[in-house]
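Below you'll find the structure, written out as structure tokens, and then a few comments.
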Amino acid sequence: MLPDGDKPYHRHTGILVDDPGHEHDLPRLMADVLETVDAQVDEDLRRWLRRDFFKYHLQQYSKSRRKAPIYWPLATASGSYTLWLYYPDLTDQTLFTGVNDFVEPKLKQLESELGNLRLAGASRSRADEKRLEELSDFRDELADLRDTLLKIAPGYKPNHDDGVQITAAPLWPLFRHKPWQKVLKETWEKLEQGDYDWAHLAMAYWPERVREKCVTDKSLAIAHDLEHLYVEPEPAPKKTRGRKKSTGSSE
């Protein structure tokens, strides 16, 4: 059983999804808020969310060199399925919740539909064959999303004190906005190299390296509440001045 797997889903997990028909489908919820349930409006909202919203959101939440979007779209390769995470609600269980309550049920639904199409055998129409191919591709993409989330989830310990960019860095493969993905990939590489060892996330992934640095870096030890590890260096020996020898001759 995955962590959090036996907990019932509730509204405040900080996750919405781009999945038509799902109870927590983001475009449909937006349409409901607007009191607009027209199917075309629903599709327009979905298209805008997939193609344009995050770019706009990133611009709105960027100032100078600081980029801090609070809505995070983690998507399949084609962008046909997206989990929208809300940064303020992010916990070490969020990725498991995304898999258990959203991705896995969707995969089961797809497998059921694929099974019915396969059973039809030679009686499948051309439209059925196309649908079978589309669903198979979608299933594979969704399985890749699940596997990537489960690869990241066990060691992922987000801490809001680290800030948005560092907290999002381990998730860089799942963002489809290329400029933001590039920023996060570079941030992740710097984390790996030890450039941000003050961050809680660095301690979560590389505890031995960070603890070793705390021995000689007092500010780092304080940042991780490990001041007891810090070893004060030996004071440098004081230089003593000798008397100047007289160079004059005595009479």
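The values are calculated or read from the model by the stated rules, or taken from the named source; none is laboratory data. Worth saying up front: this structure is predicted, and the values here are computed from it rather than measured. Because the Cβ atoms are built from the backbone with ideal geometry, glycine has one as well, and the counts that use them run over all protein chains shown. Keep in mind that these areas ignore ligands, DNA and RNA; they rest on the heavy atoms of the full protein, side chains included. Shrake-Rupley method; radii C 1.70, N 1.55, O 1.52, S 1.80 Å.
Working note: Debye formula, equal point scatterers on the alpha-carbon atoms of the chain, no solvent; log10 I(q)/I(0) at q = 0.07, 0.08, 0.11 Å⁻¹ is -0.36, -0.44, -0.72. Near the amide H of S62, within less than 5 Å, lie the amide hydrogens of A68, all on another chain or at least 5 residues away, with H placed in the peptide plane. With the charge dipole of the range 63-164 set up from +1 on Lys and Arg Cβ and -1 on Asp and Glu Cβ about the Cα centre, the Cα lying farthest toward the positive end among the listed residues S136, W84, G115 is that of W84. Within the chain, what whole-number % of the accessible surface is contributed by carbon and sulfur, with the 1.4 Å probe and all protein chains included in the calculation? Carbon with sulfur: 50 percent of the solvent-accessible area.
Which whole-number value in Å² is the accessible area per residue of the chain, probe 1.4 Å? Don't skip to the answer; put the middle values down first.
Details: 15940 Å² over 251 residues.
Dividing the accessible area of the chain by its residue count gives 63 Å².
Counting only Cβ charges, +1 for Lys and Arg and -1 for Asp and Glu, the dipole size of the range 48-115 around its Cα centre is about 640 debye.
Quick one: dipole size for the chain, taken about the Cα centre, charges +1 on Lys/Arg Cβ and -1 on Asp/Glu Cβ, in debye to the nearest 20.
My answer is approximately 1660 debye.
Estimate the FRET efficiency between R66 and D32 by the formula 1/(1 + (r/R0)^6), using the beta-carbon distance for r and 41 Å for R0, to the nearest 0.05. For R0 = 41 Å, the calculated efficiency reads 0.75. Couplings for the range 153-169, taken from phi via the Karplus curve 6.51 cos²θ - 1.76 cosθ + 1.60 with θ = phi - 60°, read 4, x, x, 7, 10, x, 9, 5, 5, 6, x, 5, 4, 5, 5, 7, 3 Hz in order; Gly and Pro are left as x. Think of the range 175-241 as a dipole: +1 on every Lys or Arg Cβ, -1 on every Asp or Glu Cβ, centred on the Cα centre; then among T216, L191, H177, H177 lies furthest on the positive end. If you take the alpha carbon atoms of the range 16-154 and fit the smallest convex hull around them, that volume is 135 Å³ per residue.
With no solvent and one equal point scatterer placed on each C-alpha of the range 196-242, evaluate the Debye formula and give log10 I(q)/I(0) for q = 0.18, 0.23, 0.25, 0.28 Å⁻¹, two decimals. Per q value, in the given order, log10 I(q)/I(0) is -0.52, -0.72, -0.81, -0.96. Length gained on full extension, E134 to Y56: 25.1 nm, using 0.36 nm per residue less the C-alpha separation.
Suppose we look only past 21 Å in the calculated P(r) of the range 128-251. What percent of the Cα-Cα pairs does that tail hold? Tail of the P(r) past 21 Å holds 61 percent of the pairs. As a calculated quantity, the FRET efficiency between Q181 and S125 at R0 = 35 Å, using C-beta atoms, amounts to about 0.35.
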